[in-house]
Amino acid sequence: MGSNRITHLLRYEGTPPFRETFRVVMLLAWPAILEQIMITAVQYIDTAMVGRLGATATAAVGLTSSTIWLFNGLFAAFAIGFSVQVAQYLGAGRDGEAKSVTAQSLRFVTLFGLAMAALALVISGALPNWLRADAAVAPQATAYFRIIALGMPFTLGVNMVSAIFRCAGDTHTPMVLNTTINLINMVLNFFLIYPARTMELFGVDVPVWGAGLGVAGAAAASSAATAIVFLLYLRRLFHNPSPVQISRSTSRRLQKSCLRTVLRLSLPVAMERVVMNGAQILITGMISNIGTVATAANHLAVTAESLSYAPAFGVSAAATTLVGQSIGAKRRDLAKRCAWTTTGIGVGIMTLGGLALFTLAEPLLGIFSTDAEVIALGTQVLRIVAFAEPLFGAAIVSGGALRGAGDAKAPFLISLATMWGVRLVLSLLLYRPLGLVGVWIAMAAELVVRGGVFLLRLRGGKWMDLALLGPEPDRQESSEA
């Protein structure tokens, strides 16, 4: 069990040798890395299935992607607020409080998830116009976004519970269940996107039922798959022994002390997501102004790029867990060792990913589309950003380490400065003369700057001095909201 290996590391007298730290990092990271790779692989298939409907369908999905990322970013932000508390409580040996935070997170999922779904439904009709969508793209984009909105409470739930499992040292459960989401999604896509048709199987024509819903079918498949897997997460949380197992009788009332810490951790992360996705939405508007081919090529290139950085998010999850539990155990030496070990692994993985992205750009895009113009433009921009991937990896993983220590403000300020001061400004300057290529040059420059600044923050060490946990329960007044 990953949690047992973490406990052994925390109890090691003196700073453990690099080999032992590396072993525990990889024990935690490999399921998360595999999870991210599998998710990305199935997303490739998902995008390819929509891509078969044509550039307009691809553009409709791509148009709303930045806004969906914004909502998902908010969900991930609040998942951090609860899960980092769980990690630090477990590191401090305060298991009861870790379970209490877990139970409270479920109440939060219900309240905040429904509020965000309602907001998304309200803006769904106007969103394509805000993003300057072509008349042919707008109706499909609206339908896609509305159905995704209905699944947002379940999306928040999956984000929340999977983050808590990871911070408890269990990366295997999220690997299995989050991969299951995508496999169910792929199967449902097969039946919901396309109309009824006949397929040849071993030389025999087989009739296949299909709903023929197009991009709306893709959205329905995603929302349904997420809802199914959230129920599986709840079953695991209530019935399987773990450091965060809770019962039906465990109080889920939101405590003021917990909410204060959630807001302290989550608001900077949420603001970071808003800053980054807000800029991306503006940039998406610029790209859609260039034309449908540029919008489709950008969406497919972004999807293809995710192959290179997906493993870094797996390592980042390990960084958050290890640094969080080390800080909770008051092991500064171990927190620093884990932060730099995970960041080094992330940079190495992303260097290989950048190389693969540069050499395999064209065949990767060929998975998604048969449009030669879209493939050519997407290949060009992917090869530009490939050179920035190593420092992008540094930003992803070191950001996870900082948040595990409770340092959420610095990543927000760094992202604000680089996203709006570098990427958005350069995009405004370059998109008219260079089109989509100019936007991706701006992206590559910003990723390099962001990674460098994150490394400077990690080197400074002030992130280890942030107090997060309150006093022990017997000295703590209980107050509830």
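The values are calculated or read from the model by the stated rules, or taken from the named source; none is laboratory data. The structure presented is a predicted model; accordingly, all values stated were derived computationally and were not measured. In this analysis, Cβ positions are derived from the backbone assuming ideal geometry, glycine residues included, and neighbour counts consider all displayed protein chains. To get the accessible areas, we keep the full protein, side chains included, count just its heavy atoms, and leave off ligands, DNA and RNA. Shrake-Rupley method; radii C 1.70, N 1.55, O 1.52, S 1.80 Å.
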Revision key, fill the gap. Too long for a 22 Å Cα-Cα cut-off, among K256/K336; K336/K462; K99/K409, are K256/K336; K99/K409
Review point. Between R264 and E20, what length comes free when the chain is fully extended (0.36 nm per residue of separation minus the Cα-Cα distance, one decimal in nm)?
Key: 84.6 nm
Check your understanding: Taking a spot 7 Å from the Cα of L231 along the direction of its beta carbon, which residues of the stretch 178-198 have an amide N less than 18 Å from it?
Key -> 178-189
Point to revise | Average projected area [Cα convex hull, the stretch 353-442], square nanometres | key: 6.8 nm²
Exercise for review: Compute the projected area of the convex hull of the Cα atoms of the stretch 101-188, averaged over all viewing directions, and report it in nm² to one decimal place.
Suggested key: 7.1 nm²
Exercise for review: Could you point to the label whose value was computed as mean projected area of the Cα convex hull in nm² for the structure here, given (1) 22.7; (2) 24.5; (3) 29.6?
Suggested key: (1)
Point to revise | Average accessible area per residue (Å²) across the chain - probe 1.4 Å, nucleic acids and ligands excluded | key: 40 Å²
Check your understanding: How high is the relative contact order of the chain, in percent, with contacts defined as C-alpha pairs under 8 Å that are six or more residues apart?
Key -> 23 percent
Practice item. Kindly point out which whole DSSP H helices in the chain project their C-alpha atoms 27 angstrom or further along the helix axis while averaging a Kyte-Doolittle hydropathy of 0.0 or above. Key: 18-51, 55-91, 95-123, 172-192, 215-239, 256-290, 292-328, 332-368, 436-460
